[in-house]
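The values are calculated or read from the model by the stated rules, or taken from the named source; none is laboratory data. Predicted, not measured: the structure shown is a model, and the values here were computed from it. Glycine also receives a Cβ, built like all others from the backbone with ideal geometry; neighbour counts cover every protein chain displayed.
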Amino acid sequence: MFANKLAAERERQGLGTADELARRVDIAPALYAQIEAGEVLPSTDEMTRITDVLGIKAAKLYPLGLLGSIGLKEGAIYEVSLTEADLYRELREPTRLFVSREEMSWLERAAQHPDGEYEVFLNLSCSTQMYPTMMLDAVAVMRALDVDFAAGSGPEFCCGGYLRIHHTVEAGVKMADRSVQPIVARKAKTHVSQCTQCLNNFTATSTRRVVDGGEATPLREMQLTEFLIERIEEMGDGVPWARSVDRKVLVHGHKGESPVVTKTVDDVARLLRLVPGVEVVGIMERTFMNDFCYKGDMPGYPTTPEQMQARRHEIAAIAASYGADTVAIQHQDCSRIWAPFASVDMAVRNAVSIVAEALACDHPDRVQAAFMLGDPDAVVEQTRPIWASWGLTEEEARTIAQREYTPVATAKVAGCSCGRGTCGREFVDIDVLQGADWKSAMRTATRADGQN
């Protein structure tokens, strides 16, 4: 769970036993043995003492995702300058543009109804609110598979990742502990996280509590992809598949970011192989898109529609080299970064949404449609029934749209929600891409040299 290179580095420096290093860093030998074995994470202070004695940076000892769980700023994938309140508000706001009150199918407050007892609690994470199509599809898939569950998202179910890095691990642990209380109160046995880092943090909190003399959280912690594999295999012929999904899929993820992430990327491929009609052609090797996933404003990120279109062709060509027509994204943050790069040559779909497609419970990708439209004013006007249901003013809705959906993505690559122009459905129920037709999109998406 918490793989590291402590033993290798210790031995490289001539420290023959774990006990010897434990004494030097002033950590109880039994605890240090568990840390080195990957059974538990060190505290921030313990990690600092270890790196000081070894004379090495923590990033050489632990993968990126686990640095965040330890509470080190090296684990901050994104630069966050917002206050805690502003961060959670900005994470939530895109949902107010794309999911109406009537469509909301998860809890935002722990005390909200529906209440009662459930076998499973689906934690949709905080940043997934920026790509609510994933949330709608995840809930729909759980329902289609007849799971006894409740779902929640936002700060009241947060793993405390922001606090671990930008405040203290103690603050993050306190938030994680508070977040699981309403889940345990609902008698859930399994806590399913959509976010891989949430799984890291919730598990780290529970295992460390045991080491420090407390009790483990009485929940089985799982990532959503693993849970769906288990459920589908358990149901066997009873899975209510509604249609064959004709896709040749290339999986995108960040293997190596943590053991959980590595397993989940592999699990995406396993899951999609269970979906009728899907052919998994491989897992994508590192490309320039990996850098954009971590920070979308890095040098090289498109700044004009023309540059965006060129990048679309470039990434579509990479997918085509694997024989793929669809890239399946594992993480919610990556899904948001990849959405503007979809084109007539390559569909971009989250893996769970592909499962939903086969179960005939998927939703039009309103987020991708807004990126493609690239006109904040048009997004505001065409989503008016949704944001109005939350009581937002037009000015508030425009502020959200201007922050998120800029003209850089616009190249009039539009069409239906399946990404191939064959299903007859628009991206968005309320016609965010009004007036677009597939033939004109194809012409727009043709390179200057006449090649598609």
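Just checking, which of Thr203, Thr217, Thr225, Thr207 is among the β-branched types (Val, Ile, Thr) and part of a loop (DSSP other than H, G, I, E, B)? Let's see the steps before the verdict.
Details: Thr203 fails: part of a loop (DSSP other than H, G, I, E, B); Thr225 fails: part of a loop (DSSP other than H, G, I, E, B); Thr207 fails: part of a loop (DSSP other than H, G, I, E, B).
Just one listed residue meets the conditions, Thr217.
Do we find a residue being surrounded by 19 or more Cβ atoms within 10 Å (Cβ to Cβ) and not β-branched (Val, Ile, Thr) anywhere in the range 275-286?
yes
Which residues, taken from the range 1-17, are surrounded by fewer than 17 Cβ atoms within 10 Å (Cβ to Cβ), in contact with a helix residue (DSSP H, G or I) (Cβ under 8 Å, 6 or more places away or on another chain) and not in a loop (DSSP other than H, G, I, E, B)?
Ala7 - this is the single residue of the range 1-17 that is surrounded by fewer than 17 Cβ atoms within 10 Å (Cβ to Cβ), in contact with a helix residue (DSSP H, G or I) (Cβ under 8 Å, 6 or more places away or on another chain) and not in a loop (DSSP other than H, G, I, E, B).
Is the range 300-311 home to any residue that is surrounded by fewer than 24 Cβ atoms within 10 Å (Cβ to Cβ) and within 24 Å of Gln194 (Cβ to Cβ)?
Within the range 300-311, none of the residues are surrounded by fewer than 24 Cβ atoms within 10 Å (Cβ to Cβ) and within 24 Å of Gln194 (Cβ to Cβ).
Which residue out of Ala388, Ala342 is touching a strand residue (DSSP E or B) at 6+ places or on another chain (Cβ under 6 Å) and not hydroxyl-bearing (Ser, Thr, Tyr)? I'd like the intermediate steps shown before the answer.
Working: Ala388 fails: touching a strand residue (DSSP E or B) at 6+ places or on another chain (Cβ under 6 Å).
Answer to the check: Ala342.
Mind checking whether some residue in the range 355-364 is closer than 16 Å to Asn290 by Cβ and among the β-branched types (Val, Ile, Thr)?
First, pick out the residues of the range 355-364 that are closer than 16 Å to Asn290 by Cβ: none.
Looking through the range 355-364, none of the residues is closer than 16 Å to Asn290 by Cβ and among the β-branched types (Val, Ile, Thr).
Cβ contacts < 9 Å: first residue under 21 Å from Ser193 (Cβ atoms), restricted to the range 210-221; second residue in a loop (DSSP other than H, G, I, E, B), any location; separation 6+ or different chain. Result?
Partner pairs satisfying both residue conditions: Val210/Val40; Val210/Ala216; Pro218/Lys189; Leu219/Ala188; Leu219/Lys189; Arg220/Lys189.
Does Lys248 qualify as being farther than 23 Å from Leu122 by Cβ, touching an Asp or Glu at 6+ places or on another chain (Cβ under 6 Å) and among the basic types (Lys, Arg)?
On the way: farther than 23 Å from Leu122 by Cβ: yes; touching an Asp or Glu at 6+ places or on another chain (Cβ under 6 Å): yes; among the basic types (Lys, Arg): yes.
So Lys248 fits the description; yes.
Conditions first: (1) at negative phi; (2) over 14 Å from the mean Cα position of the chain (by Cα). Gly277 passes all but one, so which condition is the exception?
(1)
Identify, please: which residue in the range 249-263 is closer than 17 Å to Thr326 by Cα and more than 14 Å from the chain's Cα centre (by Cα) and is, among those, surrounded by the fewest Cβ atoms within 10 Å (Cβ to Cβ)? Steps first, answer last, please.
Of the residues in the range 249-263, the ones closer than 17 Å to Thr326 by Cα are 249-253.
Then keep just the ones that are more than 14 Å from the chain's Cα centre (by Cα); that gives 249-250.
Details: Val249: 27, Leu250: 23.
Looking at residues that are closer than 17 Å to Thr326 by Cα and more than 14 Å from the chain's Cα centre (by Cα), I get Leu250.
For the range 271-301, what are the residues that are outside any helix (DSSP H, G or I), at pLDDT 85 or above and closer than 16 Å to Trp338 by Cβ?
Restricting attention to the range 271-301, the residues satisfying the condition of being outside any helix (DSSP H, G or I) are 274-287, 295-301.
Now restrict to residues that are at pLDDT 85 or above: 274-287.
Answer for the range 271-301, where residues must be outside any helix (DSSP H, G or I), at pLDDT 85 or above and closer than 16 Å to Trp338 by Cβ: Ile283, Met284, Glu285, Arg286, Thr287.
Output the residues belonging to the range 318-352 that are surrounded by 23 or more Cβ atoms within 10 Å (Cβ to Cβ) and of a type in the set (Ser, Thr, Tyr).
Thr326, Ser335, Ser343
Looking at Ile318, Ile386, Ile400, which is the one that is among the β-branched types (Val, Ile, Thr), part of a helix (DSSP H, G or I) and closer than 21 Å to Val278 by Cα?
Numbers: Ile386 fails: closer than 21 Å to Val278 by Cα; Ile400 fails: closer than 21 Å to Val278 by Cα.
Only one candidate qualifies: Ile318.
Identify, from the list Arg398, Arg403, the residue that is modelled with pLDDT of 90 or more, closer than 24 Å to Tyr301 by Cβ and either surrounded by 17 or more Cβ atoms within 10 Å (Cβ to Cβ) or among the basic types (Lys, Arg) (or both).
Arg398
Take the range 20-48 and flag every residue that is without any contact (Cβ under 8 Å) to a residue 12 or more places away in the chain, assigned to a helix (DSSP H, G or I) and farther than 22 Å from Thr168 by Cα.
Step one: of the range 20-48, the residues without any contact (Cβ under 8 Å) to a residue 12 or more places away in the chain are 20, 22-23, 28-30, 37, 45, 48.
From the residues that got through so far, the ones that are assigned to a helix (DSSP H, G or I) too are 20, 22-23, 29-30, 45, 48.
Glu20, Ala22, Arg23, Pro29, Ala30 - these are the residues of the range 20-48 that are without any contact (Cβ under 8 Å) to a residue 12 or more places away in the chain, assigned to a helix (DSSP H, G or I) and farther than 22 Å from Thr168 by Cα.
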